[in-house]
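A.B. asks: Sending over a structure as structure tokens; questions will come in a sec.
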Amino acid sequence: MPTATAPAVGLRASSESPAVRNPELWSACQEFEALLLQQMLRAMSGTLTSGGMFGTAAGSGIYQELFESELAQSMSRTGGVGLAQILFKQMNREI
């Protein structure tokens, strides 16, 4: 379920949250931000020299991917880096 976040710095606040104005677009923007965050997290975890949080056992890569995916989704739902808000406003031509 999409949740509204505070507007990013430099963007004007609106009386309605993005999730209320256009829930499908807001959800797509959050998913896109989560995808980019997941790619960033994957690149960061690839720099670890030891096995990372889940070690080097068989199947640990799957748990690492699941962790990165859920962390990215959670980050996006709680404001992330503000990309979802910017994308939403751009696609609604509000910037």
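A.B. asks: Looking at segment 50-95, which of the residues that are more than 11 Å from the chain's Cα centre (by Cα) and of a type in the set (Ser, Thr, Tyr) is modelled with the highest pLDDT?
C.D. replies: The extreme case among them is Tyr63.
A.B. asks: Do you know which of the residues in segment 33-49 that are among the hydrophobic types (A, V, I, L, M, F, W, C) and loosely packed, with under 15 Cβ neighbours inside 10 Å is farthest from the chain's Cα centre (by Cα)?
C.D. replies: Checked segment 33-49; the qualifying residue farthest from the chain's Cα centre (by Cα) is Leu48.
A.B. asks: For segment 50-95, give me each residue that is of a type outside the set (A, V, I, L, M), part of a helix (DSSP H, G or I) and in contact (Cβ under 8 Å) with a residue 24 or more places away in the chain.
C.D. replies: Hits for segment 50-95 are Glu68, Ser69, Gln73, Ser76, Arg77, Gln85, Phe88, Lys89.
The values are calculated or read from the model by the stated rules, or taken from the named source; none is laboratory data. These numbers were taken from a predicted model, which means no experiment stands behind them. Here the Cβ is made from the backbone with ideal geometry for all residues, glycine too, and neighbour counts use every protein chain on show.
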